[in-house]
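Worksheet: the structure to be examined is printed underneath.
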């Protein structure tokens, strides 16, 4: 029996029920093509004598796909890999470092610092400061100030003054004379205006005037056995428990010069001509179920 005799209108010799490989990308991408390619390119090959039925053939192919799953996984990655054929370096290098800082750091200050002053300090003022003014200063007043009071001035008196005296009942006189003033005075202003006019000028003149301050005093700061001292007893303590994670990735790509571009192109042509993923699977299946021509 030949391989092509296995096929009817709707039959397939490729098994699909094995979960070990039927979900692999290479199988999903090639399954619908395998039957047609096997029938057209390998159909005249004679089956092994022990493969008498279609089920026998499917079992044999299932075994092959199980055995070669690892092989086809890697060939598929190579088949679909994206790369630049003119590069001889294309990769990355990652360095991962973790540093753990533990322990205690201590900054301790002890002892004392001394700053000693000997001798004296002296601040002296000698000579004088001159402030000289010359020329003149003028203060001129012009215009006038108006003080306006409205209303009229009317003096009106009302009420009267009454006097009274009390009697006395003993030989002692009592000063009991009393005067009561009930009068009131009212002033009313009508259109009254008080006005001050300024037309005078106040002038202050200086001729060779000099304001002078003379310094002949001494200001002296004296130090005898003075010592400024600072005593340190402070201690700073820090405990560290720090983990640092660092990742460094170096990416390299291109032609680093060890291979000529023409050689890379030649090798790429050889590779493309020799590597046929689908043909590899088809040949493996045909060789596994039929005699080699």
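FYI, it's all coordinate maths here, none of it is from the lab. Everything numeric here is computed off the predicted structure, so don't read it as measured data. Here Cβ is always computed from backbone atoms with ideal geometry, including for glycine, and neighbour counts include all displayed protein chains.
Quick rundown of the values:
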quantity: Cβ crowding within 10 Å averaged over residues, with 195-208, 59-72 ranked highest first; calculated: 59-72, 195-208
quantity: Neighbour-count order for 293, 76, fewest beta carbons within 10 angstrom listed first; calculated: 293, 76
quantity: Residues 251, 289, sorted so that the one with the fewest Cβ neighbours within 10 Å comes first; calculated: 251, 289
quantity: Distant alpha-carbon pairs in region 1-67 (separation over 21 angstrom), percent; calculated: 22
